[in-house]
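Trainee: I have a structure I would like to understand better, so I am pasting it below and will then ask my questions one at a time.
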Amino acid sequence: MATPGKCFLVTGPPVSENEIPTNENTGTRFQCLVNLNRQAVFSYCCCLLPSCSFFQGVGKTTLVMRVLERIRTTNPNLKVQGFYTREVRQGTERVGFEVVTLDGRKGPLASTTNSSPESLRWPNVGKYRVDVASFELLALPELQIKEDTDLFIIDEVGKMELYSSSFFPAVLKVLESNIPVLATIPIPKFGRDIPGVARLRNHPGATIFTLNPSNRDTMKEQIYTKLVALLHKH
C-alpha cells in the first residue's frame with residue numbers, strides 16, 4: 001500500500017445541479033484534511049452568515065491563498081506548484097470560472113457565454129460548459145512531481161475538474177508523493193458525493209473539526225502552523 005502524502009484538503013460549497021456557488025464571495029461550508037506524518041486529519045468547516053458582501057474573503061480559495069501568501073513571506077525560496085480557480089464576471093453576473101496557475105497564467109475552466117461549435121460538445125455542470133482541454137493544459141503540468149517541489153496547491157478537486165480523465169490520477173500521485181499538499185474539495189449535497197472526492201474524503205484517520213465565523217481565523221492559523229511544521233520536516 002502506498003504511503004499517504006502530507007496533505008490539507010479544504011472542502012467548499014457543494015456543486016449544485018443548477019449552479020456553482022462562488023468560491024469567494026458567498027457564505028461557505030468547507031472541510032480540511034491534514035495528512036500529518038502518515039496520519040490524515042479532516043476538518044469540516046461551516047460559515048453560515050447570510051450576507052455575500054460580509055463573506056468577501058472568507059471562501060476556501062481565499063483561505064488557501066492567504067495561507068500560501070503568509071508561508072511565502074516567511075519562506076521566500078519555497079518551490080510551490082499548483083493552481084486555483086476563480087469566478088469570471090461580466091458586471092454583476094457570473095459567467096464562468098477560470099483556472100490560474102501560481103505563476104499567473106490563466107485560462108478558461110467553464111463558461112456560460114462560449115457558444116462556439118466546439119463548446120457544444122463540452123460537458124455541462126449546471127449552466128456552465130466545461131473546457132476540459134483548457135483546464136488540462138494549465139493544471140496537469142502543475143501536478144507533475146519534481147524533486148525540488150516543496151508544496152502543492154490544488155484548488156479544487158471538484159466536479160468540473162474531474163471531467164478530465166487525467167486529473168484525478170495526477171492528484172492521487174501528488175497525495176502519495178509525501179510532498180505537502182493544500183487542496184480544496186466540495187462538500188456532498190443531499191448526501192451525494194462525487195466518487196473521486198469521496199475517495200479523498202474517506203482517507204483513513206479522518207478527524208472532523210467545525211469552523212464558524214467566530215473561529216475561522218483560528219482555523220486559518222492552525223492550518224498555517226501545521227503546514228509550516230510539515231514543510232520544515234519535508
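Listed here are the residues, each with its yes/no results for (1) at pLDDT 75 or above; (2) surrounded by fewer than 15 Cβ atoms within 10 Å (Cβ to Cβ); (3) over 17 Å from the mean Cα position of the chain (by Cα); (4) closer than 19 Å to Leu162 by Cβ.
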| site | (1), (2), (3), (4) |
| --- | --- |
| Pro188 | no, no, no, yes |
| Thr210 | no, yes, yes, no |
| Asn215 | no, yes, yes, no |
| Lys220 | yes, no, no, no |
| Leu227 | yes, no, no, no |
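Trainee: Might you check whether a residue that is farther than 25 Å from Arg70 by Cα and under 17 Å from the mean Cα position of the chain (by Cα) occurs anywhere in the range 142-155?
Mentor: no
Trainee: Give the number of residues within the range 75-119 that are under 18 Å from Leu151 (Cβ atoms), in contact with a strand residue (DSSP E or B) (Cβ under 8 Å, 6 or more places away or on another chain) and free of Cβ contacts under 8 Å to residues at least 40 places away in the same chain.
Mentor: The total comes to 1.
Trainee: A further question on this structure: Exactly one condition in (1) of a type in the set (A, V, I, L, M); (2) more than 21 Å from Pro169 (Cα to Cα); (3) in contact with a Leu (Cβ under 8 Å, 6 or more places away or on another chain) is false for Val99; which is it?
Mentor: So the condition that Val99 fails would be (2).
Trainee: For the range 43-64, which residues satisfy the criterion of being modelled with pLDDT of 50 or more and farther than 19 Å from Val171 by Cα?
Mentor: Scanning the range 43-64 gives Gly59, Thr62, Leu63.
Trainee: Ok, one more. Mind listing whichever residues of the range 140-165 are in contact with a strand residue (DSSP E or B) (Cβ under 7 Å, 6 or more places away or on another chain), among the aliphatic types (A, V, I, L, M) and under 26 Å from Arg192 (Cα atoms)?
Mentor: The answer is Ile153, Ile154, Val157, Met160.
Trainee: Would you check which residues across the range 169-181 are open to solvent by 40 Å² or more (accessible area, probe 1.4 Å) and of a type in the set (Ser, Thr, Tyr) and list them?
Mentor: none
Trainee: May I pose another question? Can you name every residue in the range 64-74 that is charged (D, E, K, R) and in contact (Cβ under 8 Å) with a residue 40 or more places away in the chain?
Mentor: Result: Arg66, Arg70.
The values are calculated or read from the model by the stated rules, or taken from the named source; none is laboratory data. Owing to the predicted nature of the structure, the values given are computational and were not obtained by experimental measurement. Methodologically, a virtual Cβ is constructed for each residue, glycine included, from the backbone with ideal geometry; neighbour enumeration extends over all protein chains shown. SASA here: full protein model, heavy atoms, side chains in, ligands and nucleic acids out. Shrake-Rupley method; radii C 1.70, N 1.55, O 1.52, S 1.80 Å.
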